[in-house]
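The values are calculated or read from the model by the stated rules, or taken from the named source; none is laboratory data. Predicted, not measured: the structure shown is a model, and the values here were computed from it. Note: ideal-geometry Cβ built from the backbone for every residue, glycine included; neighbour counts use all protein chains shown. With ligands, DNA and RNA removed, areas are computed over all heavy atoms of the protein, side chains included. Shrake-Rupley method; radii C 1.70, N 1.55, O 1.52, S 1.80 Å.
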Amino acid sequence: MAKHISELNYAFAVGKIRATERFLIKEEVFQEAISADLDSALRLFVESGRYSDELLRVKNSLQIEEALEKEATKLKKLASELILEDDLLQLLDLSSPQRLESALAHCSHAFLKDYLMHLADMHNIKTFLRLRILKEPQDVLIKHLVFAGFIKRETFIEVYPLELGVFLHRLEYVYNGSRLVDYAYFLREAIEIAQQKRSFIMLEKSINDFLIQALHPAKYLSFGPGPVLAYYFAKSNEINLIRMIILAKLNNLPAELVQERLNNVYA
């Protein structure tokens, strides 16, 4: 049986995170970087986010991937050192539905459990819409849905052959215990665009915006692993945004394409 770790034991870890998260990059810096040239954008990220000077020497896609992979490794090392429960280390790699399901099964912290349930819901919402747009039969949906988050798998299956409005109505009334979560408030426009234009750009952005907002309560937690993992997820999002912006510049893509994909940040 695993040894119980009190949330009070995370006092040092939370203090460390509070000092570190001050250097998360703010939205206005990303906005400035989108409009800047490559060298200026790289300097903005290094100076604002305390990234390695190696980033300043990036000249191609391989170099940006190598530089950001080192940053991701440093981030994972920091989180691993601050997390006191072995079961929670699973949350440092949620790259597959199977890993997410395992992490959720072993997570007993309310804030983190809620976040993982939201992740499961978002995965199922995207799966539902992709298969619906492709006009796949219902049995394909059943096969590809992961375990349930706050929305039961049966709900997705039941509304699959119905009008999209029925699905959106169900998303307005998602229950998290005694609380009501209105996913449609965040996702309605993006879902309608995905259905009409067969484009998931806005949906991906809206989902990422929602998930970042779901992390915000961790800013007000004084103890427990929540702030540590919220910082880890937020910093991972930041690294992904830097990758997107720099790769766009290296490939001479229009700033407008980057702008429409830029999701909210935690800072």
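Looking at 72, 79, 19, 11, can you tell me which residue is surrounded by 18 or more Cβ atoms within 10 Å (Cβ to Cβ), on the phi < 0 side of the Ramachandran plot, assigned to a helix (DSSP H, G or I) and not β-branched (Val, Ile, Thr)? Talk me through it step by step, then tell me what you get.
Details: 72 fails: surrounded by 18 or more Cβ atoms within 10 Å (Cβ to Cβ); 19 fails: surrounded by 18 or more Cβ atoms within 10 Å (Cβ to Cβ); 11 fails: surrounded by 18 or more Cβ atoms within 10 Å (Cβ to Cβ).
Answer to the check: 79.
Only one of these is over 19 Å from residue 235 (Cβ atoms), touching a helix residue (DSSP H, G or I) at 6+ places or on another chain (Cβ under 6 Å) and aliphatic (A, V, I, L, M): 38, 42, 8. Name it.
Values: 42 fails: over 19 Å from residue 235 (Cβ atoms); 8 fails: touching a helix residue (DSSP H, G or I) at 6+ places or on another chain (Cβ under 6 Å).
Sole residue among the options that is over 19 Å from residue 235 (Cβ atoms), touching a helix residue (DSSP H, G or I) at 6+ places or on another chain (Cβ under 6 Å) and aliphatic (A, V, I, L, M): 38.
So, residue 205, is that one closer than 23 Å to residue 75 by Cβ, modelled with pLDDT of 95 or more, surrounded by 16 or more Cβ atoms within 10 Å (Cβ to Cβ) and basic (Lys, Arg) or not? I'd like the intermediate steps shown before the answer.
On the way: closer than 23 Å to residue 75 by Cβ: yes; modelled with pLDDT of 95 or more: yes; surrounded by 16 or more Cβ atoms within 10 Å (Cβ to Cβ): yes; basic (Lys, Arg): yes.
Here the answer is yes, as residue 205 does meet what is asked.
Confirm whether residue 57 is of a type in the set (Lys, Arg), within 29 Å of residue 116 (Cα to Cα) and either without any contact (Cβ under 8 Å) to a residue 12 or more places away in the chain or open to solvent by 50 Å² or more (accessible area, probe 1.4 Å) (or both).
Values: of a type in the set (Lys, Arg): yes; within 29 Å of residue 116 (Cα to Cα): no; either without any contact (Cβ under 8 Å) to a residue 12 or more places away in the chain or open to solvent by 50 Å² or more (accessible area, probe 1.4 Å) (or both): yes.
Considered against the rule, which asks whether it is of a type in the set (Lys, Arg), within 29 Å of residue 116 (Cα to Cα) and either without any contact (Cβ under 8 Å) to a residue 12 or more places away in the chain or open to solvent by 50 Å² or more (accessible area, probe 1.4 Å) (or both), residue 57 comes out as no.
Take the residues in the range 85-95 that are assigned to a loop (DSSP other than H, G, I, E, B) and open to solvent by less than 80 Å² (accessible area, probe 1.4 Å), then tell me which one is nearest to residue 6 (Cα to Cα). Don't jump to the end; show me each part of the working.
The initial filter retains those residues of the range 85-95 that are assigned to a loop (DSSP other than H, G, I, E, B), namely 85, 93-95.
Pick out the ones that are also open to solvent by less than 80 Å² (accessible area, probe 1.4 Å) and you get 85, 93-94.
Values: 85: 10, 93: 24, 94: 24 Å.
Looking at residues that are assigned to a loop (DSSP other than H, G, I, E, B) and open to solvent by less than 80 Å² (accessible area, probe 1.4 Å), I get 85.
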Complete set of residues in the range 25-50 that are within 24 Å of the chain's Cα centre (by Cα), without any contact (Cβ under 8 Å) to a residue 60 or more places away in the chain and not in a helix (DSSP H, G or I): 50
Between 221, 241, 257, which is over 13 Å from residue 17 (Cα atoms), more than 10 Å from the chain's Cα centre (by Cα) and surrounded by fewer than 19 Cβ atoms within 10 Å (Cβ to Cβ)? 257
Does the range 246-263 contain any residue that is free of Cβ contacts under 8 Å to residues at least 24 places away in the same chain, part of a helix (DSSP H, G or I) and either aromatic (Phe, Trp, Tyr) or touching a strand residue (DSSP E or B) at 6+ places or on another chain (Cβ under 7 Å) (or both)? no
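Which of the residues spanning the range 108-130 are under 22 Å from residue 202 (Cβ atoms) and touching a Pro at 6+ places or on another chain (Cβ under 9 Å)? First the steps, then the outcome.
To start, the set of residues in the range 108-130 that are under 22 Å from residue 202 (Cβ atoms) comprises 118-130.
Of everything in the range 108-130, those that are under 22 Å from residue 202 (Cβ atoms) and touching a Pro at 6+ places or on another chain (Cβ under 9 Å) turn out to be 120, 123.
Among the listed residues 40, 52, 61, identify the single one that is of a type in the set (S, T, N, Q) and at pLDDT below 95.
52
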With criteria (1) open to solvent by less than 20 Å² (accessible area, probe 1.4 Å); (2) among the small types (Gly, Ala, Ser); (3) farther than 14 Å from residue 243 by Cα, residue 35 comes up short on (1)
